[in-house]
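In what follows, a single structure is set out as structure tokens and then discussed.
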Amino acid sequence: MEQLLQHLVNGLVLGGTYALLGIGLTLIFGLMSVVNFAHGEFYTLGAYAAFAALAWAGLPFVAALLAAIAAGALLGALCERALLRPLRGHSIDTIMLVMIGVWIAMQNAELLAWGGVARSIPHPFPTAPLTLGPLNIAPLRLFVVLTAAALIGLAWLLIQKTRLGTAMRATFQDRDTAALMGVPIGRIHTITFAFGSALAAAAGALLGPVFLAYPSMGDLASLKAFSVVILGGLGNLAGATLGGLLLGVAEELGAGYVSSGYRDAVGFVAIILVLLFRPAGLFARAERIG
Amino acid sequence: MLRLEGLRAGYGPIEALRGLDLEVQQGELVCLLGANGAGKSSTLRTISGLLRPRAGRIVFDGAEIQGRDPSDVLRAGIAHCPEGRRVFPYLTVRENLAMGAYVRRDGAAIAADLERVYAHFPILADRRRQAAGTLSGGEQQMLAIGRALMARPRLILFDEPSLGLAPTVVETTFEIIADIRRDGTTVLMVEQNARLALRMADRGYVMESGRIVLSGAARNLLADDHVRAAYLGG
Ligand SMILES: Nc1ncnc2c1ncn2[C@@H]1O[C@H](COP(=O)(O)OP(=O)(O)OP(=O)(O)O)[C@@H](O)[C@H]1O
Ligand SMILES: [Mg+2]
């Protein structure tokens, strides 16, 4: 029982960051119909930005997280303006190919900049685990899960409660009519891509110090993000959140009770089951983006 | 107030407007008639900036607005209530109305206008927290009209406001449009229900394959043989 609780907690830590990744990807897909194969590269970017801020600039962890978020948002905005804006109206296949190009380019730029050796990201948290009743949790992991929860909450507030978020949802539901209301569709796309990329970068900055940073770390992150979106349903914020948590917990349980080598396989088995039995996603409902 | 001169627009190889001339005076209610596919919606979409013209001019209050973004056209004072109502189905009634005022920054006046819309359409006030997609067709039409009013336009473009509504609701809708005009907003309306529309309008235009083929005072059009045969069922 205690072991089960412990796995659940570890799963939530992992799942919180998966949810951040999934929310970013699902927003970009839902609003812009862009299948963003480069999503995981923004995760990598976040991890390296955190590394630079912590190891080189000696910034506090929160500042490093903010730097990673800013880097993700900035590069995301740039990517949208330079590559996606000119391609608006082109077929989804064309845009997919371009995003595959971005994926390859970003990953190789990271390899060039940081070399192929994995780096461990220094963090200021004590390594001795905190003991909460029957549970043990490393302070870093506790910080990761709380920050992920806070960021998910902020994303939700932005989408549901602000003028910008309402315009984003309106654009998703009916782009032409949103334009008739005076919504600047191009700017909404830039903001959405920047926002989704910033969430991926935040996930990288949070999970990077838990594991290691290496140039191809984004590939697995992309796979997780796509899994979360499949679990949760496209464009579904609540679905991505629950899907992320579920995937994290499933992986942790699989690693704990089956074999740690099967960690990633467990997630994909879950995806296959979902696709077989609930192809629109576990939490499919009519509403999306919200 | 609004003048279209030699307007041409289309979709890829399809020419929807082939040199269209049309004028709306301040305070008028003008109706645009035409068969399916004549280009009526394309005309409104070109005015509001959703469709870029290939040639011609759109002059509104003395300024050329052709090819401008929809948000600029809306800020200039033209709101477009699109065909098929097009409410945002998963936004609440209140959020839909707020979207109507998206380009405005005068918070207090927006709140006052919101109350005015609720007073005019009490059903929307009752349903303010409900997703717009759950409203009936007639209620959605009220919402679409209320949403257009939230922009405080000086000219409203209506695209087939009676489409798909029950006869009694059609009448209510036309009464609302007459009210809007009486309150001083100029109206350009596309309508299939030619008889009702011409009874209410000052002037009318008849469109065929992208051009105006006939225009005149509404009462003259009601009596015109061609109009009677083609649009009023003989
Ligand atoms: N998005 C589009 N892509 C391609 N062609 C279009 C598009 N929209 C309209 N058209 C074409 O442009 C022409 C004019 O269409 P439009 O919608 O303006 O007609 P309409 O007079 O509003 O017709 P209706 O009474 O059916 O609403 C038609 O031939 C139509 O097929
Ligand atoms: Mg039409």
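Helices (runs of 4 or more DSSP H) fully within segment A:175-246 that include at least 2 residues being free of Cβ contacts under 8 Å to residues at least 24 places away in the same chain and aliphatic (A, V, I, L, M): A:175-180. With respect to being surrounded by 12 or more Cβ atoms within 10 Å (Cβ to Cβ), in a loop (DSSP other than H, G, I, E, B) and touching a helix residue (DSSP H, G or I) at 6+ places or on another chain (Cβ under 6 Å), A:P126 falls outside the description. Among all residue pairs at least 6 apart or on different chains, which show Cβ distances below 8 Å where the first residue, located in segment B:73-102, is facing chain A (nearest Cβ under 7 Å) and the second is at pLDDT below 95 and in a strand (DSSP E or B)? Close Cβ pairs satisfying both conditions: none exist. Residues of segment B:31-50 include none that is within 22 Å of B:A148 (Cα to Cα), away from every other protein chain (no Cβ under 14 Å), in contact with a helix residue (DSSP H, G or I) (Cβ under 7 Å, 6 or more places away or on another chain) and more than 16 Å from ligand 1 (Cβ to nearest atom).
The condition of being more than 24 Å from B:V213 (Cβ to Cβ), modelled with pLDDT of 95 or more and more than 14 Å from every other protein chain (Cβ to nearest Cβ) holds for only one of B:E23, B:E64, that being B:E64. Within segment B:4-22, the residues that satisfy the criterion of being away from ligand 1 (no atom under 13 Å from the Cβ) and buried (at least 16 other Cβ atoms within 10 Å of the Cβ) are B:L4, B:E5, B:L22.
Is one or more of the residues making up segment B:159-178 in contact with a Cys (Cβ under 8 Å, 6 or more places away or on another chain), within 16 Å of ligand 1 (Cβ to nearest atom), in contact (Cβ under 8 Å) with a residue 24 or more places away in the chain and under 18 Å from B:H80 (Cα atoms)? Checking segment B:159-178: at least one residue is in contact with a Cys (Cβ under 8 Å, 6 or more places away or on another chain), within 16 Å of ligand 1 (Cβ to nearest atom), in contact (Cβ under 8 Å) with a residue 24 or more places away in the chain and under 18 Å from B:H80 (Cα atoms).
Conditions (1) touching a Phe, Trp or Tyr at 6+ places or on another chain (Cβ under 7 Å); (2) basic (K, R); (3) closer than 22 Å to B:T46 by Cα, marked per residue:
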position: B:M150; (1), (2), (3): no, no, yes
position: B:R154; (1), (2), (3): no, yes, yes
position: B:P161; (1), (2), (3): no, no, yes
position: B:G164; (1), (2), (3): no, no, no
position: B:F174; (1), (2), (3): no, no, no
position: B:D183; (1), (2), (3): no, no, no
position: B:Q192; (1), (2), (3): no, no, yes
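I'd like to check something: does segment B:79-92 contain any residue that is modelled with pLDDT of 95 or more, within 24 Å of B:G184 (Cβ to Cβ), β-branched (V, I, T) and under 16 Å from the mean Cα position of the chain (by Cα)? No, because not a single residue in segment B:79-92 is modelled with pLDDT of 95 or more, within 24 Å of B:G184 (Cβ to Cβ), β-branched (V, I, T) and under 16 Å from the mean Cα position of the chain (by Cα). Among the numbered conditions (1) over 17 Å from the mean Cα position of the chain (by Cα); (2) part of a helix (DSSP H, G or I); (3) more than 26 Å from B:D61 (Cα to Cα), the only one that B:A109 does not meet is (3). If you go through segment B:110-140 and keep only what is away from chain A (no Cβ under 14 Å), surrounded by 14 or more Cβ atoms within 10 Å (Cβ to Cβ) and polar (S, T, N, Q), you end up with nothing.
For segment B:25-35, a residue qualifies if it is away from ligand 2 (no atom under 13 Å from the Cβ) and assigned to a loop (DSSP other than H, G, I, E, B), and the qualifying residues are B:Q25, B:Q26, B:G27, B:E28.
For segment B:160-203, give me each residue that is in a strand (DSSP E or B) and more than 16 Å from ligand 2 (Cβ to nearest atom).
Matches in segment B:160-203: B:T186, B:V187, B:R203.
Only residues that are more than 30 Å from B:L50 (Cα to Cα) and outside any helix (DSSP H, G or I) were counted in segment A:35-92, giving 6.
The values are calculated or read from the model by the stated rules, or taken from the named source; none is laboratory data. The structure displayed is predicted, hence computed values, not measured ones. Every residue, glycine among them, receives a Cβ derived from its backbone with ideal geometry; neighbour counts consider all protein chains shown.
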